[in-house]
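What follows is a single structure, written as structure tokens, with notes after it.
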Amino acid sequence: MQTTSFAQQTSTMPKGAALISGKSIQGTRVYSPAGDELGHIDDVMIDTATGRTVYGVLQFGGFLGIGSDHHAIPFAKLTYDAARDGYVTDLTKEQLEAAPKQEETWRNDRDWQKRSHEHYGVAPYWM
């Protein structure tokens, strides 16, 4: 499996480009370790203090968007796979379903963010 960081994605960027548009990330498919499609990136969240992309908001489940869930997963859990033209994560569907419940205030809820990062096994982006 050939993987590159999202900044090296070639299908939506000019050759040699070092930056990628948030719009080009939206809609990109996300696959499990087994190669199953988990969903797609519906949005990206950027830390205003550092400018770093810190979450990919994954839309998964449901049918044609009806009944689907959204989970903000740390962007560090996503690796771009050029062969799949999508992101691969080591997360499983079961791990996504067991994630801490995401309330409307999650963007400003440091307690939820800590629990989420612990659940996904990555260091918090603000540390």
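Against the criterion of being touching a residue at least 60 places away in the same chain (Cβ under 8 Å) and either in a strand (DSSP E or B) or closer than 25 Å to ILE20 by Cβ (or both), TYR55 does not qualify. Taking the range 37-64 as the range and being modelled with pLDDT under 90 and over 25 Å from TRP112 (Cα atoms) as the test, the residues that pass are PHE63, LEU64. Could you please let me know if THR12 is out of contact with any helix residue (DSSP H, G or I) (no Cβ under 6 Å at 6 or more places or on another chain), farther than 27 Å from ASN108 by Cα and modelled with pLDDT under 90? Judged against the criteria, THR12 is not a match.
The residue list SER21, SER5 contains one member that is loosely packed, with under 12 Cβ neighbours inside 10 Å, at pLDDT below 85 and closer than 14 Å to PHE75 by Cα, which is SER5.
The residues in the range 71-124 that are surrounded by 14 or more Cβ atoms within 10 Å (Cβ to Cβ), among the small types (Gly, Ala, Ser) and at pLDDT 90 or above can be counted, and the count is 5. State which residue is farthest from the chain's Cα centre (by Cα) when the search covers only the range 21-33 and only residues that are part of a loop (DSSP other than H, G, I, E, B) and in contact (Cβ under 8 Å) with a residue 12 or more places away in the chain. Filtering the range 21-33 for residues that are part of a loop (DSSP other than H, G, I, E, B) and in contact (Cβ under 8 Å) with a residue 12 or more places away in the chain, the one farthest from the chain's Cα centre (by Cα) comes out as PRO33.
Within the range 66-92, the residues that satisfy the criterion of being in a strand (DSSP E or B), in contact with a helix residue (DSSP H, G or I) (Cβ under 8 Å, 6 or more places away or on another chain) and hydrophobic (A, V, I, L, M, F, W, C) are ALA72, ILE73.
The values are calculated or read from the model by the stated rules, or taken from the named source; none is laboratory data. The structure displayed is predicted, hence computed values, not measured ones. Because the Cβ atoms are built from the backbone with ideal geometry, glycine has one as well, and the counts that use them run over all protein chains shown.
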